[in-house]
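The values are calculated or read from the model by the stated rules, or taken from the named source; none is laboratory data. For clarity, every value in this text was computed on a predicted model and none was experimentally measured. Because the Cβ atoms are built from the backbone with ideal geometry, glycine has one as well, and the counts that use them run over all protein chains shown. Keep in mind that these areas ignore ligands, DNA and RNA; they rest on the heavy atoms of the full protein, side chains included. Shrake-Rupley method; radii C 1.70, N 1.55, O 1.52, S 1.80 Å.
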Amino acid sequence: MILLIAYKILLVNNSVADRVANYIRAIYVDEFQDTRELQYKVIGKLTRNNPQIQTMFVGDIDQAIYGSLNGVAKTSKELKKITNQFFKEKTLTGCYRSSQRIVNFYSNFMSTPYKIESRGQNKDGTGCIYYDYEIGKEYISYAVKI
């Protein structure tokens, strides 16, 4: 509700939007794939009112986990349309959390495949991968065992 009211104020009163936008030098969004439409609209309004605001979106559309909370992963083309800014895409190819075996397994499910190299201390570990062909994807979060 607070975000909606803030957006409505920015939308209705352009002088307020200008004033707020002029105080902001940069907007950095981590895990952008979990960002809601309303949040994108607020960012878009501010960057359109002040094109000098630097923006950076960091995340991985294959790790969008908050769809139930209306998180939306936007492409760089969609972000450009929202913010009126150009985005330079970069890809991180190193993983420090998982073994290469886990990384390779994950790679089977990537929407846009690219090579990822495990670089952590456990890069040569085997990890645990379990297959359950009977569970639907909507129930997978309940079945994950730690």
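Here are a few things to note about the model shown:
- Within the stretch 1-23, the set of residues being open to solvent by less than 80 Å² (accessible area, probe 1.4 Å) and among the hydrophobic types (A, V, I, L, M, F, W, C) comprises Leu3, Leu4, Ala6, Leu10, Val16, Ala17, Val20, Ala21.
- Evaluation of Ile135 against (1) at negative phi; (2) touching a residue at least 12 places away in the same chain (Cβ under 8 Å); (3) assigned to a loop (DSSP other than H, G, I, E, B) (one fails), failing number: (2)
- Verdict on Thr93 being within 30 Å of Ile27 (Cβ to Cβ), touching a strand residue (DSSP E or B) at 6+ places or on another chain (Cβ under 8 Å) and in contact (Cβ under 8 Å) with a residue 40 or more places away in the chain: no
- Within the stretch 33-58, the residues that satisfy the criterion of being within 26 Å of Thr91 (Cβ to Cβ), modelled with pLDDT of 95 or more, polar (S, T, N, Q) and surrounded by 13 or more Cβ atoms within 10 Å (Cβ to Cβ) are Gln39, Thr47, Thr55.
- Of residues in the stretch 79-133 being β-branched (Val, Ile, Thr) and within 21 Å of the chain's Cα centre (by Cα), the one nearest to Arg36 (Cα to Cα): Ile82
- Filtered by the rule that a residue be assigned to a helix (DSSP H, G or I), closer than 18 Å to Lys80 by Cα and at pLDDT 95 or above, the stretch 9-32 gives a lone residue, Ala21.
- Residue in the stretch 24-32 that is under 30 Å from Tyr131 (Cα atoms) and surrounded by 11 or more Cβ atoms within 10 Å (Cβ to Cβ) present: yes
- Hits in the stretch 47-86 - residues which are farther than 16 Å from Glu31 by Cβ and among the hydrophobic types (A, V, I, L, M, F, W, C): Ile53, Ile82, Phe86
- Boolean, Ile102 is of a type in the set (Val, Ile, Thr) and either part of a loop (DSSP other than H, G, I, E, B) or touching a residue at least 60 places away in the same chain (Cβ under 8 Å) (or both): no
- Among the residues of the stretch 86-93, not a single one is modelled with pLDDT of 95 or more and open to solvent by 70 Å² or more (accessible area, probe 1.4 Å).
- In the stretch 107-140, residue most open to solvent (accessible area, probe 1.4 Å) [restricted to those that are within 26 Å of Tyr96 (Cβ to Cβ) and basic (Lys, Arg)]: Lys115
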